[in-house]
Every structure is written in structure tokens, then in C-alpha cells.
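*Asks:* Okay, here's the structure, questions in a sec.
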Amino acid sequence: MNYTNSQIHEVTFNKQKYFIKRDDLLNPDFSGNKARKFYYYLINDFPNIKKVVSHGSSQSNAMYSLSVLCKLKNWQFDYYVDHTASFLKENPSGNYKYAIKNSMNIIESKLPDFFDKETLFINEGGALAQAAYGIEILANEIKLWINQNNIKNIKIFLPSGTGTTALFLQKFLPFEVLTCACVGNEEYLIKQFESLEKNYHPTIIKTDKKYYFGKLYKEFYEIHNELLNQTKIEFDFLYDSLGWICFENYVKQLKEENTTFLYIHQGGIIGNESMYDRYKHKYSLI
Ligand SMILES: *Cc1c(COP(=O)(O)O)cnc(C)c1O
């Protein structure tokens, strides 16, 4: 598979200059932060492995990326969910639709208690130590760009789910990494950081309002469309809408001059398909 350094694009959003690390463009099938997190499994050989088992939501970006990985590796893929909405079963779209096309077995049941030697278990959302491998490569690409462009003052931002990407990025970068909690609250995110690493925690930007993961908010839809109009870049609904609300607030309040702002685009665009449907339905938007 062709796997190269993703580009960094300069954009202007609401009169402010930002740089965007385009991990959404890494590869048409295997992109975003899930490609970074699963890179270790992509490039190493696992001669004894025949099957991957994972679990989580039936619309997850990680689920889709694992289905691509398993297809490339010729591994069976069993994915455990609590429940799949009947609407989604009848009208497959987004990650669910394409993961099933990649031969994922979706199983509505509890995870088995143990796995045989031919099975590789991948924790929900790809929260695993092995993710450090691909994220260090991402960090090195960013360091190289900072050096080449002689940047002195930089703030790097990416929204968090499990926090794995932000955590390892901070571990491998000598600059401040900022994030916000999209899944669960700040305490949940700190616990996640601690379960992976005692030190090098990213800075968490707090939100004024409490948002629930996967819920629809008008301001999420609005900022998504504003970003699309002004930057011509499509961002993910679940993480990036809240991410941009937080980051923009932070940037507006920052007193330091001459700071470069870098936003990491972590992919997830396939998941937007089902989100668009839900937003249109809820707000009768076109
Ligand atoms: C999975 C995902 C995240 C969250 O990544 P974590 O490493 O779990 O924090 C953020 N953005 C997008 C688009 C994702 O798919």
C-alpha cells in the first residue's frame, strides 16, 4: 500500500490563518487517525493471526478502518456491538455499509471472555499501546515541517475520543498539544490518558456547554458548513465540529502574538454520510 507523508494546507477560517494536516487524504481506503493507530498492524507480519475481534458502535470509524485492514491482510473480522438500529440495518450507510461490504461479521452479543492464539483483539476505538508506532511517524512529519518552515511558536490541536492520538502525539512532540473531550467528560479523558501513559498529557480545552457524543446540535451542523464553504475542506461531524468550536475559542482568547495554529484532520468522512441523513431529517435542511 502506498503510504506517504500527508500534506499540510494553509486555510483562512473566520479571518484567522490555520494550517491543516491532511491525514484525511493519506489513502482513499485507509486514512485518518485510525490508519495511524493501526499502522503497526498494517506493516508488520503476524503469521499466526487469522482473525481480528473488536467491539464498539455500529457506526464507528475504527470499525470501518479495521474492516479495510482485515481485507488487506486476509483476516476474518468479527465485530461485537450491543445493538444496531433497525433503521441502519434496513438502510445501510456510512461506516456500517462499507464495513459490511468488506466482509465484516457484525455480532450483536457480549464480547467472548477469551480468544485463541489465532485471534488478535483490538480494543474499542483502537485505544492501544501499539498505536504509538504510527503516531510517532505522524509526530515526525509535523516536526520536519516545523523545522523546514522555521516555526518558533506553534499550538497543535486535535479533538479526542479515546484520547490515544492526542496523547501519543504529545509524547513525541516538544510543542504543546491541545485537545477537547468529545466522548465522555474531561475526567473520562484524563483516565484514558493515564491508562496509556503517566506523563506527557495533552492540554484539555474545556467547553462551556455539555455535549453528548453522537447527538445532533445545530451549531455542529453550522460550523461544519462554514468550514466547508470557507476552506473547501470537509470535516467530520462527530469530532471536528466540537473540535473547531473549542479551538476557535481558544485561538480568539490567546494573547500571544506570532503563533502558528495547526489542526490535525483525522479523517472520518465516510461516517458523515449517515450524519448528513440524520441532520437533514432533524432540521429539515437541504
Ligand atoms: C476516532 C476519531 C477521533 C478520536 O481519536 P482518539 O484517538 O480515539 O482520540 C477523532 N476524530 C476522528 C475523525 C476519528 O475518526
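The values are calculated or read from the model by the stated rules, or taken from the named source; none is laboratory data. Note that this is a predicted model, so its numbers are computed, not measured. All Cβ positions, glycine included, derive from the backbone under ideal geometry; neighbour counts span all protein chains shown. Ligands, DNA and RNA are stripped out before the accessible areas are found, and what is left, the full protein with its side chains, is counted by its heavy atoms. Shrake-Rupley method; radii C 1.70, N 1.55, O 1.52, S 1.80 Å.
*Asks:* What residue, among those in region 184-203 that are surrounded by fewer than 19 Cβ atoms within 10 Å (Cβ to Cβ) and within 12 Å of the ligand (Cβ to nearest atom), is farthest from the chain's Cα centre (by Cα)?
*Replies:* Y188
*Asks:* Go through region 84-110 and give me each residue that's part of a loop (DSSP other than H, G, I, E, B), modelled with pLDDT of 95 or more and either open to solvent by less than 70 Å² (accessible area, probe 1.4 Å) or within 16 Å of the ligand (Cβ to nearest atom) (or both).
*Replies:* Matches in region 84-110: N102, M104, S109.
*Asks:* Which residues, counting only those in region 130-148, are open to solvent by 10 Å² or more (accessible area, probe 1.4 Å) and touching a Phe, Trp or Tyr at 6+ places or on another chain (Cβ under 9 Å)?
*Replies:* Q130, A132, Y133, E136, I137, N140, K143, W145 - these are the residues of region 130-148 that are open to solvent by 10 Å² or more (accessible area, probe 1.4 Å) and touching a Phe, Trp or Tyr at 6+ places or on another chain (Cβ under 9 Å).
*Asks:* For region 165-181, enumerate the residues that are open to solvent by 30 Å² or more (accessible area, probe 1.4 Å) and of a type in the set (F, W, Y).
*Replies:* Within region 165-181, F172, F175 meet the criteria.
*Asks:* Exactly one of (1) open to solvent by 10 Å² or more (accessible area, probe 1.4 Å); (2) under 24 Å from L262 (Cα atoms); (3) at pLDDT 95 or above; (4) within 16 Å of the ligand (Cβ to nearest atom) is unmet by F19. Its number?
*Replies:* (4)
Residue-wise test of (1) within 13 Å of the ligand (Cβ to nearest atom); (2) assigned to a helix (DSSP H, G or I); (3) over 18 Å from P159 (Cβ atoms); (4) open to solvent by 60 Å² or more (accessible area, probe 1.4 Å).
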site	(1), (2), (3), (4)
P28	no, no, yes, yes
Y41	no, yes, yes, no
I49	no, no, yes, no
V53	no, no, yes, no
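*Asks:* To continue, here is another question. Just need a number here: residues in region 212-266 that are exposed (fewer than 13 other Cβ atoms within 10 Å of the Cβ) and on the phi > 0 side of the Ramachandran plot.
*Replies:* 2
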